[in-house]
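Asker: Here you go, one structure.
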Amino acid sequence: MRTDLTASEAQRLILEATPVLGPEIVPFPAALSRVLAETVVSSRDLPPASNSAMDGFAVRVADLAGASPERPVRLRVVFEVAAGAAPARAVGAGEAARILTGAPIPAGADSVVRQEDTAREGESVLVRIVPRPRENVRERGEDVRCGERVLESGAVIGPAEVGMLAALGRTVVAVRQRPRVAILSGGDELVEPDADVSGGRIVASNSYSMAAQCRAIGAEPSYLGIARDDPADLERRFRAGLRADVLVSSAGVSVGDRDYVRPVLEKIGCTLVFWGVKIKPGYPVCFGRFTAGDGPLVFGLPGNPVSAMMTFEQFVRPALLKMAGHRVWFRPRVRATLAERLQKGPGRLHFVRVALERKGDQVIARSTGTQSSGALRSMTLASGLLIFPAEETVLNPGDSANVQVLDESFFHSTEPGF
């Protein structure tokens, strides 16, 4: 087992050990935000027939030579084509067909004149312009051709992709499975949120924070409860989570007299890959896997609320995204200017909880206050995590640093942009 890894070394080892989950078939509306596990090839042309892009009149361009507002050309309206209806017949010389948006273009017609460029007089229409050939016509297959590769395996399905699947008649589709994550908290002092907290008891909030972190990226958490400071209870609960894809334990991974996670994991067949990453908060984090290859990836995270969330963010979250088939595993980053002085000792990379604001073209980062690993409120105030490099000891006001953006609404705007 390796110890005292850098964050990048730990992340590399985790991602190298992380598999991509297999496919499952789901109804296409349920595929939103999932990762496509097949290449979608069109079995039809879109649109399936050439149709009108406007309400107006299907015409023959040859009949309208010289048409102008001053000298409109009169055509006889011989039939109407509604959307979804087949044309009654072809359009002949000197004729027009009333046509609605989406209706198929009748044979003989080679353009559509907008209703606004005409005037109706009984059974005739006066056309005041000379249209271009195929004007206001959506051609058959101009969007998608039959046999064309439309969506590639590995694509993340968004609203447009859901609409495309519907248009192609793909009522079911293969997507990557959602990672199943078994979550456990440990400690005699812990209680559930509705329990009595007198006498120094503490709510086991970590399990709920981490379950929310799972759901935020589409993973499926299950709760194993609170393990007491007893190896037998811890083992029983760990074994209950072995069918998951990932097993996450919070607390009990340090070196105290009652930190039983590491020996219990080894007992049930988990080989620890590393323990201890040179970061703050969150040093006592461990990662393991089952050598037989049929068990979950295992993460032992610290017990302090911020440390648990932070190590989940940096190590568990990228692994879950890879498992789910995503190709992008990390948060967006911005370069930010510090609004205050930050100081630390050398040797560990710090993740500083910061609030971000824009001032003109500049992004300003300001710490959320206390950086204690137990101060969960600092996470509720944080829109980003500022990377304070391990080798640095001081960052001064006006210095710039990379920030992982947690709250992606930071990129949203109060203005429409048009």
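The values are calculated or read from the model by the stated rules, or taken from the named source; none is laboratory data. Bear in mind the structure is a predicted one, so any value in this text is a computation, not a measurement. All Cβ positions, glycine included, derive from the backbone under ideal geometry; neighbour counts span all protein chains shown. The protein model used for the area step is the full one, side chains on, heavy atoms only, and it has no ligands, DNA or RNA in it. Shrake-Rupley method; radii C 1.70, N 1.55, O 1.52, S 1.80 Å.
Asker: Under 5 Å between amide hydrogens, which residues at least 5 positions from E189 or on another chain qualify, with H placed 1.01 Å from N in the peptide plane?
Answerer: none
Asker: Okay, moving on. What residue among G158, T171, P133 has its Cα farthest toward the positive end of the dipole of segment 129-172, where the charges are +1 on Lys, Arg and -1 on Asp, Glu, each on the Cβ?
Answerer: Value computed over the given set: P133.
Asker: Compute the length gained on full extension between E70 and R335: take 0.36 nm times their separation in residues and subtract their Cα-Cα distance, giving the result in nm to one decimal.
Answerer: Numbers: separation 265, 0.36 × 265 = 95.40 nm, distance 6.18 nm.
Working it through step by step, the gained length comes to 89.2 nm.
Asker: What does a probe at R114 reach in segment 55-82, counting residues whose amide N is under 14 Å from the point 7 Å along Cα→Cβ?
Answerer: Hits in segment 55-82 for R114 at 14 Å: 55-57.
Asker: Provide the per-residue ³J(HN,Hα) series for segment 186-192, in order, calculated from phi with Karplus coefficients 6.51, -1.76, 1.60 and θ = phi - 60°, each as a whole number of Hz, with x at glycine and proline positions.
Answerer: Karplus values, whole Hz, x for Gly and Pro: x, x, 5, 7, 8, 9, 6.
Asker: Count the net charge of all other residues whose Cβ sits under 15 Å from the Cβ of A119, scoring Lys and Arg as +1 and Asp and Glu as -1. Intermediate values should be presented prior to the final figure.
Answerer: Values: positive: R71, R74, R76, R98, R114, R120, R128; negative: D55, E70, E116, D117, E121, E123.
Neighbour charge sum, excluding A119 itself: +1.
Asker: For L386, what charge total do you get from the other residues with a beta carbon under 15 Å from its beta carbon, if Lys and Arg give +1 and Asp and Glu give -1?
Answerer: On the way: positive: K280, R331, R333, R335, R341, K344, R348, R353, R366; negative: E313, E340, E357, E392, D399, D407.
Taking every Cβ under 15 Å from that of L386, the sum is +3.
Asker: First select every other residue whose beta carbon is under 15 angstrom from the beta carbon of R353; then total the charges, Lys and Arg +1, Asp and Glu -1.
Answerer: Numbers: positive: K280, R331, K344, R366, R377; negative: E313, E340, E357, D407.
Value of the local net charge: +1.
Asker: Given H placed 1.01 Å from N in the peptide plane, which residues other than close sequence neighbours of V144 have an amide H under 5 Å from its amide H?
Answerer: Long-range HN contacts for V144: L46.
Asker: Oh, and also: What order do you get for 62-72, 183-193, 10-20 when each peptide is scored by the mean count of other beta carbon atoms within 10 Å, highest first? Provide the component values of the computation, followed by the final result.
Answerer: Details: 62-72: 12.7, 183-193: 19.7, 10-20: 15.7.
Packing order, densest peptide first, comes out as 183-193, 10-20, 62-72.
Asker: Sort 153-162, 173-182 by packing, meaning the average of other beta carbons within 10 Å per residue, with the highest value first. Before the final figure, lay out each step's value.
Answerer: Numbers: 153-162: 15.4, 173-182: 22.5.
Those peptides, ordered most packed to least, come out 173-182, 153-162.
Asker: Quick check: residue separation of A160 and V203 times 0.36 nm, minus the Cα distance between them. What number comes out in nm? Let's see the in-between values first.
Answerer: Numbers: separation 43, 0.36 × 43 = 15.48 nm, distance 4.23 nm.
My answer for the length gained is 11.3 nm.
Asker: In segment 112-262, what percent of the accessible surface is made up of carbon and sulfur (1.4 Å probe, ligands and nucleic acids excluded)?
Answerer: Values: 3680 of 7620 Å².
Answer for segment 112-262: carbon and sulfur cover 48 percent of the accessible area.
Asker: Could you order peptides 102-109, 125-132, 86-93, 371-378 by the average number of other Cβ atoms within 10 Å of their residues, highest first? List each step's numbers first, then the result.
Answerer: Working: 102-109: 20.0, 125-132: 18.2, 86-93: 14.2, 371-378: 16.5.
Going from most to least packed, we get 102-109, 125-132, 371-378, 86-93.
Asker: On to the next question. Along segment 351-359, what does the Karplus equation 6.51 cos²θ - 1.76 cosθ + 1.60 (θ = phi - 60°) give for ³J(HN,Hα), rounded to whole Hz, x for Gly and Pro?
Answerer: With coefficients 6.51, -1.76 and 1.60, one gets 9, 9, 6, 10, 9, 10, 9, 9, 10 Hz.
Asker: Restricting to the chain, what percent of DSSP beta bridges are antiparallel, rounded to 5? Walk me through the numbers before you get to the answer.
Answerer: On the way: 57 of 87 bridges.
Just about 65 percent of them are antiparallel.
Asker: Does the chain classify as rounded, prolate or oblate by the C-alpha gyration tensor (a ≥ b ≥ c root eigenvalues; a/c under 1.5 gives rounded; else a/b over b/c gives prolate, otherwise oblate)? Let's see the in-between values first.
Answerer: On the way: a/c = 3.59, a/b = 2.32, b/c = 1.55.
It comes out prolate by the Cα gyration axes.
Asker: Work out, step by step, the length gained on full extension between D294 and A30: first 0.36 nm times the residue separation, then minus their alpha carbon distance; give nm to one decimal. Write down the numbers at each step before the final one.
Answerer: On the way: separation 264, 0.36 × 264 = 95.04 nm, distance 2.85 nm.
Here the answer is 92.2 nm.
Asker: Let me ask something else. For the pair D143/S43, report the inter-label distance in nm, with labels modelled 7 Å from Cα in the Cβ direction.
Answerer: 1.8 nm
Asker: How large, in percent, is the carbon and sulfur part of the accessible surface of segment 287-418 at a probe radius of 1.4 Å? Before the final figure, lay out the partial values.
Answerer: Values: 3070 of 6400 Å².
It is 48 percent, rounded to a whole number.
Asker: List the residues, sorted by chain then number, that are 5 or more residues from G225 or on another chain and whose placed amide H is less than 5 Å from its amide H.
Answerer: Correct list: S185.
Asker: From the phi of every residue in segment 270-283, what ³J(HN,Hα) in whole Hz does the Karplus formula 6.51 cos²θ - 1.76 cosθ + 1.60 yield, where θ is phi - 60° and glycine or proline is x?
Answerer: So the Karplus estimates, Gly and Pro as x, are 8, 8, 6, 7, 8, 9, x, 10, 6, 9, 9, x, x, 4 Hz.
Asker: May I ask you to give the solvent-accessible area per residue for the chain, in square angstrom, as obtained with a 1.4 angstrom probe? All intermediate terms of the calculation are to be shown ahead of the outcome.
Answerer: On the way: 20000 Å² over 418 residues.
Here the per-residue accessible area is 48 Å².
Asker: Working from the pairwise distances between different alpha carbons, so that the mean of 1/r is found and then inverted, what is segment 65-182's Kirkwood radius in Å?
Answerer: Working: mean 1/r = 0.0563 Å⁻¹.
One decimal place: 17.8 Å for the Kirkwood radius.
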